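Novice: Handing you this structure, nothing more for now.
The values are calculated or read from the model by the stated rules, or taken from the named source; none is laboratory data. In this text, all values refer to a predicted model and were calculated from it rather than measured experimentally. Every residue, glycine as well, gets a Cβ built from its backbone with ideal geometry; the counts of neighbours run over all protein chains shown.
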Amino acid sequence: MSRPDFRALAAIALVALLCGAAGAPQPPDDNKQLAHDIFKQLIEIHSVHTVGTKEVAEKIAARLIEGGFAPEDVQVLPEEKYPSQVNVVVRLRGKGIAKPILWNGHIDVVEAKAEDWTLPPFALTEKDGYFYGRGTSDMKDQDTAVIASLIRLKKEGFVPDRDIIAAFTADEEVGEEQDGMWYLVREHKNLVDAAFAVNPDGDSGEIEAGKRIDFGVETSEKTYVTYTLETTNKGGHSSQPRPDNAIYQLVKGLSRLSKFHFPFVTNATTRLYFKRMAVFQTGRRRTDYLALAKNKLDVAAANRLSADVPLNAILHSTCVATMLNAGVQENALPARAVATVQCRIMPNETVVGTQKTLEKVLADPGIKVSVRGLVTAAPESPPSPALLHRVEIVVHGMWPGVPVIPDMAAGASDSIFARNAGIPSYGISGGWIDIHDIRAHGRDERRSVDAFYESVEFTYRLMKELSKAE
């Protein structure tokens, strides 16, 4: 039996002590009040997909102009085919020493029904130390932080080394690729072109049992792709069953898929993630983390860690059946059976290659596999040591001792469109979330009052730090 590494255990204990969820700096009173007023205004606008973002976009533009921005630096851009889906792009002009930096965040929200909530979803309610309302954590809180910080910088007369651009975009929540960020990088690239982008969609900070455990910088995300699996035959009367039942045929293929696992793979982001997180592990788990931090993949270590569901999601591509549809009537043999298989594939893998793998695993040419909808893939944004250091400066200035960890998202965001257009994108938000109480898209969505104001201060500080020319 090996001896425990007491220095490592002491380091863990020290970080745990330093990372308690204690208070952090907040904005000055005038900016704090402005942030509250903007937040309330945005939450109370019903900017769901069926309504659109026109009203919220107009309110944001008005706030920015009122805050000192010239009208020509505030662009309100409706998508021509979808006039209710409106984007706003604002520019804080700098010295032009370096290429601009882009902040981008969506201003639409998912629907919320009043009868499902204990509080009104489209009103900002402060209760027991929390702000409640749809969008309080996804992501009108971060939109507000960007707006309030830009206005604060403008009023202070701050002139950055590079322009700071902010884009507030439509329709992220429905995954449309016709408007929002997809539209801006294709139709108005001149307005949003930047050296890199910061997307504060999602909480970088994680809290467990009242302790701040880490601060993530999302540098990569898996590609979202959906496949349709279909079997067909002539059907018939249920009183005369035949061996070629469309449902049975499809289910046999799905059963084979359920037992299949894509090969393990790591990339620059996940290797650095495992390296930085290893210090917080002990025993075999720590050894496995360090093994996966190396360029040569340790399959045995990956296999052990994949028993942890969140880690499994970043260790390889995944495909899972999510929907089934078959038959038209109970006394008729099905002439058609369809399954929806949702995949999240690693950034270095392809849609075509994944489809070929599915076809091989299903092992039945009678199961037709096809891609549903449009798919946008994007490369990994380099986990630049210089960028991570600058983020650490800001994070440690507010929350001393919290480790900054690069990560790959298993989910999807608008970062994929920026990356696809050649703009490296990083998910960085001043928001903190209890990992056991995540309410985005759910009932009684909320954000801690202190955490909201801290995120406003964080955004202000990060804008100043990242706008410096290298």
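Novice: Can you spot a residue in segment 433-449 that is in contact with a helix residue (DSSP H, G or I) (Cβ under 8 Å, 6 or more places away or on another chain), surrounded by 16 or more Cβ atoms within 10 Å (Cβ to Cβ) and of a type in the set (S, T, N, Q)?
Specialist: No, that holds for no residue.
Novice: Restricting the search to segment 170-219, which residues are surrounded by fewer than 21 Cβ atoms within 10 Å (Cβ to Cβ) and in a helix (DSSP H, G or I)?
Specialist: Hits for segment 170-219 are GLU173, VAL174, ARG186, GLU187, LYS189, ASN190, LEU191.
Novice: Test of understanding: among ALA112, ALA35, ALA61, which residue is more than 19 Å from TRP182 (Cα to Cα), crowded, with 17+ Cβ neighbours inside 10 Å and touching a Ser or Thr at 6+ places or on another chain (Cβ under 6 Å)? Spell out how you get there, then give the answer.
Specialist: Working: ALA112 fails: touching a Ser or Thr at 6+ places or on another chain (Cβ under 6 Å); ALA61 fails: touching a Ser or Thr at 6+ places or on another chain (Cβ under 6 Å).
Only one candidate passes the filter, namely ALA35.
Novice: Can you tell me which residues in segment 354-398 are over 30 Å from TYR227 (Cα atoms) and in a loop (DSSP other than H, G, I, E, B)?
Specialist: So the first thing to find is which residues in segment 354-398 are over 30 Å from TYR227 (Cα atoms), and the list is 383-398.
Listed by number, the residues that qualify are PRO383, SER384.
Novice: Do you know which of the residues in segment 292-313 that are under 15 Å from ASN267 (Cβ atoms) and of a type in the set (A, V, I, L, M, F, W, C) is farthest from the chain's Cα centre (by Cα)?
Specialist: For segment 292-313, the residue satisfying everything is LEU297.
Novice: Let me ask something additional. Restricting to segment 365-406, what's the tally of residues that are exposed (fewer than 15 other Cβ atoms within 10 Å of the Cβ), free of Cβ contacts under 8 Å to residues at least 12 places away in the same chain and assigned by TED's automatic domain parsing to the domain that holds GLY422?
Specialist: Residues flagged as exposed (fewer than 15 other Cβ atoms within 10 Å of the Cβ), free of Cβ contacts under 8 Å to residues at least 12 places away in the same chain and assigned by TED's automatic domain parsing to the domain that holds GLY422 within segment 365-406 amount to 2.
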